[in-house]
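The values are calculated or read from the model by the stated rules, or taken from the named source; none is laboratory data. As the structure is a prediction and not an experimental result, all values here were calculated from the model. Neighbour counts run over all protein chains shown; Cβ positions are idealised from the backbone, glycine included.
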């Protein structure tokens, strides 16, 4: 048993682009000129273990629709047959191809997928009514797909546009539906909606078959979704676990810089890392960018896209890092001698190279209380850590969670027919939504980052959190997607 869907449209609206996106492979030719596709071509989209198959027909575009409609109405008489089968074949090849496409749709299709340019006004586009009359002549159910709708928009805007086109379609076709599906920027949950609409348009005797195909399509996409969340979890765990060691012994100048930085953090002033720490930050940043490109490439491959991630320079500042920089106790005793004593504030100012007198007095009192030669111990006490390392800070890791979910959405919406992967700016309503979702789970995420032991353990704990974020984001963007995740859970997905 098989179900055939014919993709038809006015010429150069994007039929082949959509077919490539749905198939996740390159077929035919895509070019900015009319009548690129000359013959109807059938492609297997999906098959099930029960022997069900879903096929897509890519057809030549409608050209002169009004003329085509007249010719089709004449096709039942001898003159019309002569014009169609003989004259048009040699005198007007594109027009002949359009007629063959309509014949193929009438003979082979169970449902027609009719693409239109969503940017056009259906009442103003002269060819639309003629093409809808052609589809009425074909006599098959029609699912109108709003293509070229631009960047992803809130669902309310899409619904309003769908209603406008539905009113136009209702004037011509009895069995019909309307769905937004931009070949350049659709998401897999929107594809799921298309198949459910197709199921509703089919004869009841064929609906069970389409249901099985829908289940198989959904399972395949859910597998990709969970694999993507696992990939993001491993990526974030690697970032969170990354450390760059710094020398345990530092010179007096570095110690002074460390004291200045500590006081700057306490007073709200700006601080600057010493060269050793700066090199450690740079090394962490370089590894992060390499991991980011590798992870994006993995997401691209998971979604059946072509191309690779481009070079990406992340904006970084010292505030993104947690620095634990201990001083060597034995090697800095001379500094301790200089700044010892409860009244050693001025000496501390001179040694540190410009601290305020008040700050010097406080630090001098601490060092004096510990005794000469104990400056390093005091510095380590202020740092609150004994090991020498630089790592990413908690706020920055939360920002990477936001960026990871946004990056997933970008890849999941990128259509294969658009060509090779290209980085782009996330829509504003995506960013505000993800900020809201991550902020609501911020404390839980901080606890996960802080408590997990080891990269593998952290990835395992992050995956269900990311899965819930991904599910929540898709459900808010596309409310119908809640049915897709019904019966699944983040906990069960973490074992995939």
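Data overview
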quantity: Residue tally, condition in a helix (DSSP H, G or I) and buried (at least 16 other Cβ atoms within 10 Å of the Cβ), over segment 190-205; calculated: 11
quantity: Selected residue [assigned to a loop (DSSP other than H, G, I, E, B) and either without any contact (Cβ under 8 Å) to a residue 60 or more places away in the chain or out of contact with any helix residue (DSSP H, G or I) (no Cβ under 7 Å at 6 or more places or on another chain) (or both)] from 124, 103; calculated: 124
quantity: Count of residues meeting criterion [at pLDDT 95 or above and on the phi > 0 side of the Ramachandran plot] in segment 461-491; calculated: 0
quantity: Failed criterion for residue 216 (all others in (1) surrounded by 20 or more Cβ atoms within 10 Å (Cβ to Cβ); (2) part of a helix (DSSP H, G or I) hold); calculated: (1)
quantity: Neighbours by Cβ (under 7 Å, 6+ apart or cross-chain): first from segment 446-467, outside any helix (DSSP H, G or I); second at pLDDT 95 or above; calculated: 452/458; 452/461
quantity: Residue among 442, 473 that is in contact (Cβ under 8 Å) with a residue 12 or more places away in the chain, closer than 19 Å to residue 230 by Cβ and touching a helix residue (DSSP H, G or I) at 6+ places or on another chain (Cβ under 8 Å); calculated: 473
quantity: Residue in segment 15-27 that is modelled with pLDDT under 80, outside the structural domain of residue 301 (by TED's automatic domain parsing) and either surrounded by fewer than 16 Cβ atoms within 10 Å (Cβ to Cβ) or part of a loop (DSSP other than H, G, I, E, B) (or both) present; calculated: yes
quantity: First in segment 174-185 and within 13 Å of residue 19 (Cα to Cα), second anywhere and at pLDDT 85 or above and part of a loop (DSSP other than H, G, I, E, B), Cβ under 6 Å, 6 or more apart; calculated: 183/415; 184/415
quantity: Breaking point among (1) surrounded by fewer than 17 Cβ atoms within 10 Å (Cβ to Cβ); (2) out of contact with any strand residue (DSSP E or B) (no Cβ under 8 Å at 6 or more places or on another chain), for residue 226; calculated: (1)
quantity: Number of positions in segment 422-456 that are under 16 Å from residue 392 (Cβ atoms) and loosely packed, with under 12 Cβ neighbours inside 10 Å; calculated: 1
quantity: Residue match in segment 240-262 (condition: assigned to a helix (DSSP H, G or I), out of contact with any strand residue (DSSP E or B) (no Cβ under 6 Å at 6 or more places or on another chain), within 30 Å of residue 455 (Cβ to Cβ) and at pLDDT 90 or above); calculated: yes
quantity: Residue in segment 417-433 that is under 21 Å from residue 227 (Cα atoms) and in a helix (DSSP H, G or I) present; calculated: no
quantity: Flag if residue 233 is part of a helix (DSSP H, G or I), touching a strand residue (DSSP E or B) at 6+ places or on another chain (Cβ under 8 Å) and either outside the structural domain of residue 476 (by TED's automatic domain parsing) or modelled with pLDDT of 95 or more (or both); calculated: no
quantity: First in segment 274-291 and in the same structural domain as residue 243 (by TED's automatic domain parsing), second anywhere and in a helix (DSSP H, G or I) and modelled with pLDDT under 85, Cβ under 6 Å, 6 or more apart; calculated: 274/254; 274/257
quantity: Residue satisfying condition, being surrounded by fewer than 18 Cβ atoms within 10 Å (Cβ to Cβ) and either assigned to a helix (DSSP H, G or I) or not assigned by TED's automatic domain parsing to the domain that holds residue 108 (or both), within set 153, 136; calculated: 136
